[in-house]
Each structure stands twice: as structure tokens, then as C-alpha cells.
1. Give, in whole angstrom and from largest to smallest, the semi-axes √(5λ) of the equivalent ellipsoid of the range B:283-404, with λ running over the eigenvalues of the Cα gyration tensor.
2. Over the range A:164-255, what number does the Rg to Rh ratio reach, with both radii from the alpha-carbon atoms and Rh per Kirkwood?
3. Please give me, ordered by residue number, the trypsin sites (Lys or Arg not before Pro) of the range B:31-129 that lie in loop per DSSP and have at most 16 other Cβ atoms within 10 Å.
4. Given all pairs of different Cα atoms, what value in angstroms does the Kirkwood hydrodynamic radius of the range B:218-257 take?
5. Averaged across A:210-219, how many Cβ atoms of other chains sit within 10 Å of each residue's Cβ atom?
6. What is the percent of Cα-Cα separations in the protein assembly as shown that go past 49 Å?
7. Along each of the three principal axes of the Cα atoms of chain A, give the extent in whole Å, ordering the values from largest to smallest.
8. Share of Cα-Cα pairs in the range B:274-353 beyond 18 Å, in percent?
Amino acid sequence: MGGVLPLIGKRLLLGLVTLLVVSIIIFGAVELLPGDIAQQILGQSATAETVAALREELGLNRPAYVRYFEWLGGAIQGDFGNSLANQRSVAEQLGPRFANTLFLAALAAVISVPLAIGLGVLAALYRNSVFDRVANAVSLVSISSPEFFLGYILIVFFAVQNQIFPAISNVTPDMEMGERLYRTLLPAITMALVVTAYMMRMTRAAIINLLASPYIEMARLKGVPNSKVITRHALPNALAPIINVVALNLAYLITGVVLVEVVFVYPGVGQLLVDSVTKRDFPVVQACCLIFAATFILFNLIADVGAILSNPRLRHPK
Amino acid sequence: MSEEEKKSVLLEIKDLKIEGYSDEKWIEIVHGIDLTLHRGEVMGLIGESGAGKSTIGLAAMGFTRDGCRISNGTVLFDGMDLTTATRSERRALRGSRIAYVAQSAAASFNPAHKLIDQHTESALLHKVNTKVESEEDAIELYRRLRLPNPEEIGFRYPHQVSGGQLQRAMTAMAMSCRPDLIIFDEPTTALDVTTQIEVLAAVRDIVDQFNTAALYITHDLAVVAQMADRIKVLLKGDEVEEADTRKMLADPEEDYTKSLWAVRSFKREQKPPPPASETPLISVKNVSAAYGPVKVLDGVSFDIYRGQTVAVVGESGSGKSTTARCITGLLPPFEGEILYDGNLLPPRYQDRTKDQLRQAQMIYQMADTALNPKKTIGEIIGRPLQFYAGLRGADLKKRVDQLLDQIELEPSLYYHRLPSELSGGQKQRVGIARSLAAEPSFIICDEVTSALDQLVAEGILRLLDRLQKELNLAYMFITHDLATVRSIADVVVVMKEGKVVEMGPKDEMFKPPHHEYTDLLLSSVPEMDPDWLTNLLESRGVDNIGEAAHEKKT
């Protein structure tokens, strides 16, 4: 394992550097937005004096880099400042909503990852068969449809015409697990539909890519049946690209929920982000963006490390 | 002969025709082959690339690659016709009664599983043995095949084992169910000569011990002479002739077979050494180089004179190609210097002048990958003419035509073709023309014939020899094939592990006494004599072959 640890350490360090750069970009982008925050808060009717007083109070007169480091320092300790809209702590507001988003993403992942890999393996096994073609066509349709559209369609079928699931997924912290699962299922299925298609197609392609390898021919010449050729000989070698696409899609599940959360009125980070943007509540927007960025970088990191660990050459050096 | 016939027939192929799918139609690639193999008999299938050897070998297992199909004939294995057998019937035979040993063990072992798990797979699948029995058997086979650490080697992954060891492990794997027939598909082609001996000896031993029949596919006549009882010569999907090995070697009937046998006849006289006063064209002085922290060259020195050929020989990893990279400036050495005509060359090619770059050109092993597939032959050869000589328009075309004439390709036919429309030998000729276009005084030929069939390779060697005479070129000829060295070299440099172990004029180098390592290399080159391997093994002793001998002598 000696060879792997430095590699992983290096990826980790690069991840941190990337996060730092992203934090600068997020802060800078908010800085560049037209208009003055104090002016925004107080509205058009405010006098020059009150605006100046608020600017002083919020510390907006100090140079941008000083405020950046203050914000970054706070963010590292979990303090993202206070919301401009209701003066509550951003972290306090964000925490439970992030947990909700993670719950939704996890549920979608639990549905989609096994389904995608299973379907991908089957599609590779029965390639060019009717099953393969149908699976490909369906996955193409679901990739091409925007998730909010899929969400509305599911609502029409499963909440309006047949009232199996609720159309609005309003979960509360004191809700029981079963009830929570039931209410989250429809948005989770919507998300799963989108990512399953990607992961399935990638799994199929990664496996088929390997089928021309000499060791696959060797396996066939040893009398290994087709299903075992795929699962035992091709799949372990196709893991690196599969892990990559799975990790990236998991990241997408967390960061891409914005639209689905809005469609289902699900109290997650995505909805908070949309609300905050309309209210110009910049500390909340910054915090949401940073969390999304960190999630994305983290999952990329997991993808890298997973790909490294799936390579026997790196796991078992000479 | 009568005793041979008493043995029962194991495999009988009758009028086998195989078609391949290309350009949207089926084209016949094997045109009606008959083949009879008795139990315990080894038949050698030989021929150039495209002869259909591997296709026939696979068909003997009832297997065709994607895009191929058996269109006619029968393959009777122990009474069962594999062309009409069901999938599961054929699958039941594969691995258990007919096994396959592939050309590149490194590519044919699954990188994700340990050797022993791949070894036991067939036995478990066909319910021949339990896992434990099969593992014990694997260790026993590893021991019989003289693999180092037989107890432990199976628990390694393929990348942790050397090429020759992998090839023996694959032979062991083929034996795991004690098959009646093994198809060996060029099992030693990718190996160094010293490693090849081990694998040959191991294969022959194990086939003898278990009385297994084998089809031994190769393009190397000397190898097949050691292995086979009978030899069948193939050409473009047709049988040329078949006979007992000794008869075939001594008295081939067909002209094609005779031409194959005659290949190694090309031999150029060694040129007289240059006068002591002459300045060497290229002088490699005490060069050491490294890839990152790994030192690969250690104090290499030799000279190359105008009009002479220096052959650099050694096994893979001995630093031959790295030396070439140092001379061309691709890899700046960390110590030592390269002189051109007595003048120091800058170590990095970026620092060399156009004229210095022009003087040293390269021809590569894989003409396939060394030519840009999207450019026409005219463009490929024209590029150095534009770059070095600044030729344009009609002048350029005229010069390219001259060069095509020089390499014996008709300009009007080849000027507008793409590399994919040429054969391997023709591509290599284009590579030669491209290097000549720079009008160099020195050409590095890096294994230029090792990817080619012997007849084609000889054509290339003759061409290089003619060009050398006409243009007074100096060659540095990198090769691991000592037959090539024998035919074209003036001076031989033997390298091992980044060092020059011996050098001298060819005539002296091929006469004893040698440096021990040179001796090992020379004596490891298979000869056409069918008793060569037996005699060699006797003289070296069974525990003293190949890598083992190699280690003892270092």
C-alpha cells in the first residue's frame, strides 16, 4: 500500500487548493454583483445617512480582501455570518436543510447506483439484443429530459391521477423515518432517473470496451460462460471509469437538486439557495455555493481515490 | 511412421474454410485446410503473418474471433464435430480437454486476479478438482515448470511476475485440467532469447510428461524445429506442404518452403576496420543516463565510423534504445558526452542546430505507429525535405519521387497513398525514405525488422545495405535478433543492464572465446537443427537454462 498513500495525499492537497480557489471565485462573484448591499437591504427610500451607517455596521467599507479572509476564517470554523434577510445565523439555517438534501441524495443514490450498474452489466451481457436497445433508448430519453420536467410528469401520474405519493414533499425534523421516506420517494425517483441513465451507459461502455482484450478471449477459451466473463473478467477491470461516473453523479445528486427541490417544495439547500438569491441574501448564497463546491470536490476526490484503489498495479506494487 | 499411425486420431480437420468480414462482405481467409493430429503428437504450424495460423488454431477449439466464421468443413475432436456442436458442448471442452496458450501472457492474464485464481478457474468450472486440490496441483506444475518460488508465485498478480515466468505460468494454467490438446499460439515470440529457451524447454517437458498433443503455431522455423514432430507450412490460408520435422528441414519439396528455409542466407562481408587516424562519425563517451531516479545507462562508450554498421544487442531493458535516445538528444545524459565528427553535440535536441539534427535520423520498430495515418506517403517523405532543405512545389515532388525510387516503390503508385494502404514492409520502406530525406550521415535503426516476416525483413536488410554502399551511411542497428546482427554488422556492441559488456568486430565476436554473457546470448539463439535444444539443455544442465544461467553468470 506504500505507493498509494502519497498519491492519495497529493490528491487531497490538490482538492484543498481547488476549494480555496473556488472560495475566492464565489466571494469575488458576489462582490462584482451590481448594487450596494446596504442599499438593497434598506430599499430605495433610505436616506444616505442610514445607508452609510449600515455600511459601517456591516463592515462594508473595509477592503474586499480583509472581508474575504474574515469570511473564510469564519467559514472554516463553521460560521458563515448572519443572514441579511432575518439576521439568523446562516449555519443554523443551513444545517438542517443540508441534512435534508443529503437524505434525498442518499435515497436517490441507493436506488440508482445498484440499478445502474446492474442494468449496465446486463446491457453489456446482452448487447445488441432487444433488452439492450430498449434500455439504451429509455436511458437516452431520461437523459434528454430536464429533471424538473420529469418531476412534473411523475407528479401528474403518481400524485394527481393516481394519488399514491404526495405532490409536495414537505418533511419536518420530527417526522418518523417511514413517513419521511414516503414523502421523499418521488423527488428521489426523479433524481435517480436522470443519474441512472448516465451511470448505466458508462458501465455498459466501460465493459464493452474491454471485451476485445486478450484476457477476455483467454477466459472464453478456458470455457468460462458469458455471464462470468462479464462479471468476473471484465467488470473488475472496468471499475475505474465506473467509479468515476458514479462519484460524479453522486456529486450531481447533491448539487443538482436545486430544480427538483423547487418542484417538490422540498426543504433542502437547493430551495434555500433559490429563495436567498431572490431575496439577495448574499451570506446565505455564498455559504450554499461553498457547500456545493466542497461536495463536488469531495466526490471528485473520492472518484480519484477509488480509481487508484481499483488498480491492482497500485494496490500491489512489485 | 507406423508407430505414429497406431496412435489414435485426436483431432481431424477436413476442408476447413473460414471467412472474415471486411468492407461489408465476407472474404475467405482460410481456403480448405486438412489436418490430422494423433494423441501425444506435436504439430508445428508455420507461415508468415496473414497465413491463417492463429485462425486455424482457434478453429481447432471451435472458436472464431469476432468478424470471422467457419463457412465449410468439419473439425472433429475425439469424434465430436465442433462446427455443429452446441455452445455448451464446446464450452465444456474448452479449458478442460483443449487448452490455449496465447502469444502474450502479459496481456492474456487478467490484471485484476492472482495467477493461481486464474489457474484454478478452469478446474473449478469444469468440476475437475476442488479449489484446494487445484491449488496444490498448480504449485506442483509451477515446480515442474521450474518457476522460482513455486509455493508463492501463484499468489502474485500478473504485473508482479516477469514475462518469461508469466508465459510458463500460462502453460501451467493450460495444463490445469490435463487437456488432451494444447494450442500454443506463438508462446515465445515476445520473449528474449535467454527466456525463450526456458519456455521452450518447459513446454516440451510438460507435453512429454503428460503425453499431451499440441498444435504449435509460430513463424520462427528454428523454434518449430525444436518443438514439433511434424510441420505444416501455410501461406495465405492455403497449405503448402506437410512432413515430418526432420524430412521437412532436410528436404523441403515446395519452392515457398525452400525460400523460407533460405532466409538466413543473406550475409554481408564485414568491412575492413577504418584507419586509426579516422575521426569517428559518432562517438559515445562514458554516457550515463537515468529516467527520473532510475539509472538506466552506466558509462556507455563506443564509436561509429562512416560507412560502417554498429549492431547494439542485448535483452529488453538492457539500455539499447536509451542509448539511441541519448545520441539523438531526446534524453540528455547526466554524465558523459556525444561527439559528432569530433565536435561536441549539445545534450538536448532543442539546443542543436538544424544541421546537427539533420545528420542523425531514426527508423523505428513499429512503422505502423511511426507514420502519421492521416498523411499521404508524399507528404510524409516531403516534410523533412521542406524542413531541412526548404524544397517547395515541383522540386519537392521531384525529390520525393527520387526517394521513392531509391526504396523501390513506384512513385506514381504510392505518392498519394495513405500508410494504411501499404503492407508492413512497404511502411518500413517509407520510414527509411523519410530518414533519407534529411540526407543524414548517420541512421539509428531501432529493431526495424523485428515486426516483419522473415522474407520481408530480408528485403529491408538488403535495401539498407545497398543504401549504405551508395550513400556511405553509418548505421547504429539496435536489435535483439542475433541472426540480423550476423548478416549486416561490422562491429557488435553487447549491452546488459545499462553497461557495455563486450564489443568488437563481428567476425571476432561470433568466434569463441566470448564474454560469458555474449556466450549465453549466442548459444541461446535457436538453430535449425532439431536436436539443438536437447543438446543445449544437456550441455547446460536442466537447472542452468535461461534466466537461471543468466543469474549464475552475473
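Each reported figure results from applying straightforward, stated rules to the coordinates on display, with no laboratory input. Small disclaimer: the values here were computed from a predicted structure and weren't measured. Note: ideal-geometry Cβ built from the backbone for every residue, glycine included; neighbour counts use all protein chains shown.
1. 30, 17, 14
2. Rounded to two decimals, Rg/Rh equals 1.21.
3. For trypsin sites (Lys or Arg not before Pro) across the range B:31-129 that sit outside H, G, I, E and B with at most 16 neighbouring Cβ atoms in 10 Å, the list reads B:ARG39, B:ARG65, B:LYS127.
4. After inverting the mean inverse Cα-Cα distance, the result is 10.3 Å.
5. Other-chain Cβ atoms within 10 Å of each residue's Cβ, averaged: 6.
6. 40 percent
7. 86, 58, 35
8. Counting pairs separated by more than 18 Å, the tail of P(r) holds 41 percent.
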